[in-house]
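Step one of this worksheet: look at the structure below.
The values are calculated or read from the model by the stated rules, or taken from the named source; none is laboratory data. The shown structure was predicted, so the numbers you read here are calculated from the model rather than taken from an experiment. Positions of Cβ are generated from backbone atoms using ideal geometry, with glycine treated the same way; all protein chains shown enter the neighbour counts.
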Amino acid sequence: MKVGGILMPIVSAITFNLSSIFNVVRTIIDLILVWYVIYVLVTMMRQNMRTMQLFKGVLLILILKMFTSLLGLSAMDYLVDTVLTWGVVAIIVVFQPEIRGLLEKIGRTKLEIKHDNLSDDEKERLMDELVSAITKLSEDQTGALITFERSQTLIDYINTGTKINADIKAELFTTIFWEGTPLHDGATIIKDDRVICAAAFYPPTNQELSPLYGARHRAALGISEITDSLTVVVSEETGTISFAANGKLRKIPRKELRASLVNELDWFNSKEKDGEKDGQKG
């Protein structure tokens, strides 16, 4: 009895300590997951100013709710609760395009890039054709929208266009975007080493842009906000070449076009990276 009386408090203490440690670990994991989700959401929303302003507004209301509860301000607390209750419905209605884009970006399917199957000579040839086509379109001030599929599928947008499945040729692009053809009004999508479709349509961005930018630039930004694609835009007013990626638009001088394409598409670095990984394993 004496031994049992001595062991019982020890067993209880150990059980209590294990339970406390488990609760602490669970709380830490919970906090880490919450902060990670917040970090991912903020990273995605930072690409769209309207969505970022929405996030700041919601955060401000939540902070106000916390203070009204702590200070016991019943009337103000009731007002904040009412705003939160009806604000959710208002947010869904007003920011429906942003919410849809965010959910699309989260749910995009990753693809295995197949450029590694091409030889360096073939990659050089493809790059020559692309640079020649885009430069010609720019010089002639022919409006164009060319999208490169990267790790996230563009199948939903490919299905909005006309399927082509053709080789990458400079003459093909100049023909597609000639104003007299029925396929010029829309985007041409390139997947791997093939021109998959033409006349594809994208949801336009909700960002506020300069009047100098038209429908093509808005569409290019729109697709870049919900996928990791690269879109090349040629302005029909000025012939200016722009790249749209990660929700941002930047102008590319003609003399820097090839280097910029090589850098963005990363065609020529994949084998080098694979070689570095093999070397590290060895």
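General remarks:
- Within region 1-110, helices (runs of 4 or more DSSP H) holding 3 or more residues that are modelled with pLDDT of 80 or more: 2-45, 49-71, 74-94
- Residues that are charged (D, E, K, R) and assigned to a loop (DSSP other than H, G, I, E, B) were ranked within region 226-260; the one that is surrounded by the fewest Cβ atoms within 10 Å (Cβ to Cβ) is E237.
- Qualifying residue in region 163-179 (condition: in a helix (DSSP H, G or I) and of a type in the set (S, T, N, Q)): yes
- Residues located in region 215-240, provided they are of a type in the set (A, V, I, L, M, F, W, C), closer than 16 Å to D156 by Cα and out of contact with any Asp or Glu (no Cβ under 9 Å at 6 or more places or on another chain): A219, A220, I223
- Of all the residues in region 187-225, those that are within 22 Å of L126 (Cα to Cα), surrounded by 22 or more Cβ atoms within 10 Å (Cβ to Cβ) and not aliphatic (A, V, I, L, M) number 2.
- Residue check for L172: over 21 Å from L126 (Cβ atoms) and among the hydrophobic types (A, V, I, L, M, F, W, C): no
- Per the conditions (1) free of Cβ contacts under 8 Å to residues at least 60 places away in the same chain; (2) not in a helix (DSSP H, G or I), the sole criterion not satisfied by L145 is (1).
- Sub-7 Å Cβ pairs linking a first residue in region 215-244 that is in the same structural domain as I146 (by TED's automatic domain parsing) and more than 16 Å from S151 (Cα to Cα) to a second residue that is of a type in the set (V, I, T) and assigned to a helix (DSSP H, G or I), at least 6 apart or interchain, are V232/I134; V234/I134; I241/I134, ordered by first then second residue.
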